[in-house]
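Notes follow once the structure below has been shown.
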Amino acid sequence: MKLTAARAQQLVSAAAGARRHAHAPYSKFRVGAALLAASGKMYTGVNVENASYGLTICAERVAVGSAVAAGERQFVAIAIVAPGAAMPCGACRQVLAEFGDCAVICADAKDRRQLRLEMLSVLLPHIFRL
Ligand code: THU
């Protein structure tokens, strides 16, 4: 499965759509993610905050969990839509890297056409492995 420009845009749209369901009453920083599996299917995630702040789950990890629960193990790309086209946090990079390399597309929640694209292996070299 190749990541075409059209597919990248689809992924960003899915992430932006999911973002509407973000549960971020504390930070008000809403994040949506969409993960494209090698099967061609897309899996979305949003940040899920908690009154006990440290229990918050990032959008990327929710998307990974959803995809893995559906039997997916190979990923082509993840799109993340957040204010300022925020890059994925270190913990989410490690969780994504568990399943190999993939493209990371970051888009601003307001102007979704401005994309930042980088390979995960560039964002997180020398990942932890057991
Ligand atoms: N957040 C994500 O969803 N993904 C990241 O990669 C970094 C941060 C969320 C967690 C929290 O709900 C909010 O953004 C502010 O940190």
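Taken together, the values in this text are just the output of simple stated rules run on the coordinates, not laboratory data. This is a predicted model, so every value here is computed, not measured. In this analysis, Cβ positions are derived from the backbone assuming ideal geometry, glycine residues included, and neighbour counts consider all displayed protein chains.
Values for this structure:
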item: In the range 24-42, the residues that are within 13 Å of the ligand (Cβ to nearest atom), surrounded by 14 or more Cβ atoms within 10 Å (Cβ to Cβ) and not hydrophobic (A, V, I, L, M, F, W, C); result: 30, 32
item: Conditions (1) more than 8 Å from the ligand (Cβ to nearest atom); (2) surrounded by 15 or more Cβ atoms within 10 Å (Cβ to Cβ); (3) farther than 10 Å from residue 82 by Cβ; (4) not basic (Lys, Arg): number failed by residue 46; result: (1)
item: Lone qualifier among 93, 112, 19, 61 - being within 11 Å of the ligand (Cβ to nearest atom), in contact (Cβ under 8 Å) with a residue 24 or more places away in the chain, more than 21 Å from residue 129 (Cα to Cα) and not β-branched (Val, Ile, Thr); result: 19
item: Hits in the range 22-39 - residues which are without any contact (Cβ under 8 Å) to a residue 24 or more places away in the chain and in contact with a helix residue (DSSP H, G or I) (Cβ under 6 Å, 6 or more places away or on another chain); result: none
